[in-house]
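Every number here is computed from the coordinates shown, using simple stated rules; none is lab data. What you are looking at is a predicted structure, and each value in this text was computed from that prediction instead of being measured. No Cβ is skipped: glycine too gets one built from the backbone with ideal geometry, and neighbour counts run over all protein chains shown.
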C-alpha cells in the first residue's frame with residue numbers, strides 16, 4: 001500500500017483479466033502403488049485473474065488461481081490450494097536505485113531429485129511460498145560497465161510440517177563490462193546468511209566469467225569460482241563453482257551443450273549442490289518444433305558432503321500447430337534415479353501428450369494425457385515392472 005501510494009494514478013496503465021477453468025481428471029492409480037491400484041475422478045474449479053500495472057516509477061504483474069479439488073470416490077478429502085506469481089519493480093531514483101520484489105506460491109515436490117507433480121496432485125508434495133525483496137543500486141562508470149550492489153531478503157515457507165522453512169539475508173556485488181560487440185566479461189561476490197530450524201550457515205560465493213558472441217544467436221559463455229559454506233555446528237563445505245554453455249544456431253536447428261554447478265533449496269534439509277551436464281537439439285519447423293535432450297545431475301549435501309541422488313534423463317518432444325486454433329504436443333522420456341534414497345524401481349518411462357482448441361471468445365478447451373511406468377531394471381519382464389499410472393485431464397477455460 002505504501003508503494004502504490006506514491007504512484008500517480010493518472011499516468012498508470014492497468015490491465016485486469018479474470019478467468020475461470022473447470023477440469024475433470026481420471027487417474028487409474030491415485031496413490032501410485034505397485035499393487036491394489038485405486039482409481040479416482042477429480043473435479044477441479046479454478047477461478048483466477050491476471051493483473052498488469054505499469055507507471056513511471058512502478059511496474060508489476062500478478063497472476064493468481066484459486067484451486068478447489070473434489071475427489072468423487074473419497075480417496076482424499078476435498079482440497080483447497082492456490083497458485084500465485086507476483087513481481088514488482090519500484091524505481092526510487094531513476095537510473096540508480098530500485099527495489100525488486102517477487103513472490104511465488106505453488107505446490108512443489110518434496111523430493112529434490114524427482115518431481116512428483118506430474119504423477120499426482122498431492123503425493124509427497126507441499127504448498128510452498130517463496131518471497132524475495134531485493135533493493136539494489138546500479139552504478140555506471142562508463143557506457144560499457146554496469147555495477148550492481150544490493151541486499152536480498154528471502155523467505156521460504158512450506159505448509160507440510162516436514163518442510164524446512166528458511167530465512168536468507170544476502171549481500172551481492174556484480175560487475176559486467178562489454179569489451180566490444182563480441183566480447184564481455186563479468187564477475188561477482190555474494191555473502192549469504194541462512195537461518196533454519198535445522199542448521200544455520202554462512203555462504204561465500206565468488207566468480208569471474210567471460211562471454212563471446214561469435215555469430216547471431218550463437219555464443220560461448222563461461223563462469224568459474226569457489227563456494228564456501230560454514231554451518232552453525234562447525235561443519236564446512238568447499239566446492240568449485242562453474243557455469244559453461246555453448247549455443248550455436250544453424251538455419252533451423254539450435255544446439256546447446258553445457259555444464260553448471262548451482263546451489264538450491266532442499267525442501268527437507270538445508271542447501272544442496274546440483275552438478276548438471278546437458279545437451280539439447282531444437283529444430284523449428286514452419287508450424288512447430290521438435291527437440292532431443294539429455295541431462296545428468298548429481299545432488300550433494302553441502303553439510304555432510306555426501307551425494308544424495310543422481311539422475312539421468314533422455315527426452316524427445318515437440319509441438320505442432322495443425323491450424324491457428326488447433327495445437328498439439330508430445331513428450332517422451334526415460335529417467336534413472338539413484339543414490340542414498342532407496343528406490344525399488346529406479347527406472348522410469350514417461351509420456352505426455354495433449355492438444356488444445358480455441359473455441360473463440362477466449363474459450364479454450366484442452367485434453368492432456370500422462371503415463372508413467374517404473375522399472376526395477378531395464379528388463380520389461382512382469383516382475384520388474386513397478387507402479388504404473390495413467391492420467392487423463394479435460395479442461396475448459398474462459399478468460400474475460
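Table for the structure above
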| read-out | value |
| --- | --- |
| Peptides ranked, highest mean first, by Cβ atoms within 10 Å: ranges 105-111, 249-255 | 105-111, 249-255 |
| Among (1) 178; (2) 155; (3) 209, the entry that matches volume of the Cα convex hull per residue in Å³ as calculated here | (1) |
| Segment 147-186 and segment 366-396: distance between their alpha carbon centers, rounded to Å | 38 Å |
| Whole-Å distance, taken between Cα centres, linking segment 299-339 and segment 20-35 | 21 Å |
| Computed over segment 177-293: relative contact order in percent, which uses C-alpha pairs under 8 Å that are six or more apart | 16 percent |
